[in-house]
Amino acid sequence: MVGAVTAVAALTAATTLVHLAGVPPLPVAVEEEENPAAPAEWMWAQRANADGSIPATAYEEALAQSRTLENATRRGDPQLTGVRWRQLGPTNIGGRLIDVVLDPTRPGTVYVAAGTGGVWRSTDGGATLTSVWSDDLPQSMGALAVAPDGTLYAGTGEPDHGGGGSYYGTGLYRSTDGGATWTSLGLTETGAIGRIRIDPTDPRRIVVAAQGRLFDTGGDRGVFLTTDGGGTWKRVLDGLNDSTGAIDVAINPADPDILLAAMWDKLRYPDGREYGGPGSGLHRSTDGGATWTRIGAPLPAAESEPGRIGVAFATDRPTRAYAITNDRIGNLTGFFVSDDAGATWTRRTAGEPALDAADGGFAWWFGRLWVDPADADHVFSAGVPLMESHDGGQTWVTGQGIHVDQHAMAWDPHNPGRVYVGNDGGLYWNDQGGNVIGTWTAASVQPYMQFYSMDVSTQDRSRASGGTQDNGSLRSWGGADWNLYRGGDGMMNRINPVDQDNVYACSQNGGCARSDDGGDTMTSIRSRFAGTRFNWVAPLEIAQGAPDTVYFGSNVLNRSDDRGRTWRAVSPDLTGGPTPRNATSYATITTIGIAPTDEDTVYVGTDDGHLSVTRDGGATWTRATDPDLPDRWVTRVTVDPGNPAVAWVTYSGFRWESETQPHVLMTTDGGASWRDVSGNLPQAPVNDVIRHPTKRGWLYVGTDMGVFFSPNLGRTWLQVGASFPAVPVQDLHFHAPTKTLFAATFGRGILYAPISG
């Protein structure tokens with residue numbers, strides 16, 4: 001998180017101009033002091049209702065609407081359906097992985113589950129990966145498992161708290177052809193699946209740990225068992241509370257009737273979390289799941305309200321089991337070993353400080369253990385680094401040489417000594433038995449990056465950059481392949497349209513920097529911004545018609561007229577004030593729309609639903625009061641290329657009960673009035689809108705369901721290409737010289753497609 005610094009901006013009193021819609025102009029503040037605060041859950045807050053909820057069926061209903069629109073496009077505009085989206089990249093830098101498994105029947109075949117990017121397969125030992133997941137299935141993943149005959153199982157819905165937790169899954173799926181086709185096996189109300197285990201003696205007997213929906217109580221939670229390959233399911237272990245689900249489960253390899261299951265009380269709010277409670281605990285069954293007993297001391301008691309727990313059996317010594325426990329805050333509380341298949345446990349005291357440091361104080365992000373199938377004393381623990389022990393957890397070695405935040409690990413059954421790891425930087429392996437300080441190799445082609453923003457050089461279509469989750473700001477130039485040029489979580493990235501060496505890259509909460517040499521040398525400009533509150537993805541935009549002018553939004557609008565070297569505040573607080581309106585807003589600016597023909601005409605939207613406009617570079621402001629404007633996050637404002645009085649605004653949020661929410665609105669009078677042009681779009685968040693630079697009636701929007709096109713200013717909408725996955729599109733860019741449409745996705749990298757006309 002960016003530290004608090006102080007900046008004072010003296011603002012000049014302005015002359016009052018004629019205001020819009022009978023609303024008095026906003027006053028201009030005298031000075032602002034910075035005190036940035038990070039949103040607790042940006043992606044969920046952006047999509048939720050004012051009370052922090054999203055109806056459980058909203059995402060699935062929007063998926064169904066998207067499929068209907070795809071079919072309508074296929075019938076009405078086959079040429080548009082035939083638009084082929086291609087991968088721009090990056091492919092050499094991997095995004096967040098949730099799980100990894102290897103096919104026991106096909107040497108070199110590796111499957112990975114990306115956080116919000118579906119399932120991917122490699123047939124060359126992990127070097128290159130291609131998608132084997134249906135485009136119209138939920139892309140948020142939770143777990144993978146593979147049976148002895150190579151049958152693959154995928155659980156949807158990310159059980160961790162990342163951006164994928166904002167998208168609930170639709171249950172468990174099976175593929176018998178390496179991911180070419182998938183069949184639903186039910187468990188559709190589980191929300192998120194934490195683990196899938198297959199009985200080593202009976203592949204039709206499968207155990208699933210269902211965590212439940214991150215932001216809602218109820219649903220199907222707990223441990224589920226099938227004995228007929230997924231034809232029917234029975235919940236064999238229910239949670240203590242309506243927020244208690246199962247996060248981990250282990251089957252004893254010698255006696256599959258012995259099961260260990262980790263339950264977790266977990267509920268997230270947009271502005272806080274409950275990551276522990278009396279329902280959290282480790283349970284044991286010795287009759288195949290028919291009955292269960294909560295394991296007592298020395299494991300945490302219910303009264304201590306434990307947090308996340310991880311559990312694993314050893315393969316070569318089936319009586320050996322391990323467990324790791326954490327408190328509700330995210331601190332390690334113990335590492336335990338059992339030598340009687342989980343009946344009794346002993347605390348390992350040595351080495352725990354190293355494990356606690358590895359978790360970084362947010363152990364609820366990890367809580368996974370893996371045991372070397374050939375050595376019961378060789379155990380690994382997930383953390384910021386990967387942790388390794390050769391003596392059953394008494395001492396630990398801290399890993400290095402791979403990306404941070406470990407989530408998945410698997411041994412290659414065909415290649416002794418080869419171990420695969422999945423983390424927030426993608427897929428890695430080594431041939432030294434998982435030696436955490438050994439030599440690791442990263443996959444060379446793994447296109448499942450999570451992007452927040454992107455931009456493309458006007459002069460060179462191949463010159464692109466973007467901000468990514470946990471992988472910083474990346475650029476496609478300056479090296480043989482994509483490379484990092486600004487750290488942190490990458491946020492806004494922008495390229496000067498007349499000088500591609502003048503670039504801007506931001507990290508979270510407005511940690512922006514500028515460069516005049518294409519990013520080789522970056523100069524931080526964070527301390528030059530006025531404001532007291534900064535959004536996780538604070539907006540920065542270049543005036544296309546006057547590229548020396550750049551605007552940045554905190555809770556006030558900042559302006560530079562010398563390419564970002566110096567800044568001044570040009571607005572009062574454009575939000576509803578320092579106290580958020582509700583749990584889903586942070587009273588920050590979220591979007592800036594600059595008129596291409598007039599850099600002084602600027603529209604500004606906020607996360608508490610306010611929309612304001614200035615026609616004089618910030619001297620006076622008017623707030624739009626049209627009753628048709630939704631009470632949701634304003635995600636984007638785009639101004640018409642030829643007329644600053646014409647603009648489009650987009651909103652986030654899913655449909656609430658019977659409400660049909662406007663997601664795209666249009667003004668032709670400079671913001672005095674707005675009309676809904678959402679038409680037949682799916683009822684899902686719209687994250688960006690752009691107008692074709694020469695076709696007056698053509699609009700494109702990026703949504704949580706993909707990219708859509710309107711040939712008539714929003715009266716009707718069609719889907720752009722049948723090959724686009726149901727993944728959030730965070731940023732769109734139309735490259736006019738080559739007539740190419742780019743889409744930055746949160747889980748499938750940057751995609752692009754040629755656009756005729």
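Sites count as exposed loop sites when they are GluC sites (Glu not before Pro), lie in a DSSP loop, and have at most 13 other Cβ atoms within 10 angstrom; the longest stretch of the chain without one is 34-656. Pairs of Cα atoms nearer than 8 Å and 6+ residues apart set the relative contact order; for the chain it is 13 percent. For the range 371-447, place one equal point scatterer on every Cα, skip the solvent, and apply the Debye formula. What is log10 of I(q)/I(0) at q = 0.20 Å⁻¹? Listed by q, the Debye log ratios stand at -0.81. Counting other Cβ atoms within 10 Å as a rough exposure proxy, the listed residues 727, 208, 404, 397 run 404, 397, 727, 208 from fewest neighbours to most.
Within the same chain, lysines fewer than 8 places from residue 234 are excluded, and of the rest, those with a Cα less than 25 Å from its Cα are 266. Evaluated at q = 0.06, 0.10 Å⁻¹, the base-10 log of the normalised Debye intensity for the chain, with identical point scatterers placed on the Cα atoms, takes the values -0.35, -0.97.
Based on the alpha-carbon gyration tensor of the range 342-495 and its eigenvalue square roots a ≥ b ≥ c, which shape applies: rounded if a/c is under 1.5, prolate if not and a/b is larger than b/c, or oblate? In terms of gyration-tensor shape, prolate.
Positive end of the dipole of the chain (Cβ unit charges, origin at the Cα centre): among 403, 442, 458, the Cα lying farthest that way belongs to 458.
Since only 685, 107, 488 are under comparison, the one whose Cα sits farthest along the positive direction of the charge dipole of the chain, derived from C-beta charges on Lys, Arg, Asp and Glu, is 685.
Only Lys, Arg, Asp and Glu carry charge here, each on its Cβ (+1 for the first two, -1 for the last two); on that basis the range 609-757 has a dipole of about 460 debye about its Cα centre. Each Lys and Arg adds +1 at its Cβ and each Asp and Glu adds -1 at its Cβ; summed about the Cα centre, the range 109-183 shows a dipole of about 60 debye.
Neighbours of residue 551, meaning other residues whose beta-carbon lies under 10 angstrom from its beta-carbon, give a summed charge of -1 when Lys and Arg score +1 and Asp and Glu score -1.
Each stretch of four or more DSSP H residues adds -39500 (n - 2.57); spread over every residue of the chain, this sum gives -1500 deg cm²/dmol at 222 nm. When +1 charges are put on Lys and Arg Cβ atoms and -1 charges on Asp and Glu Cβ atoms, the dipole computed for the chain relative to its Cα centre reaches about 1280 debye. Under 5 Å between amide hydrogens, built in the peptide plane, is the criterion, and for residue 95 it picks out 448, 449 among residues at least 5 positions away or on other chains.
Any read-out appearing in this document is the output of simple, stated calculations on the displayed coordinates, not a laboratory observation. From a predicted model like this one, the values you see are computed outputs, not experimental measurements. Heads up, the Cβs are rebuilt from the backbone with ideal geometry, glycines too, and the neighbour counts pull from every protein chain shown.
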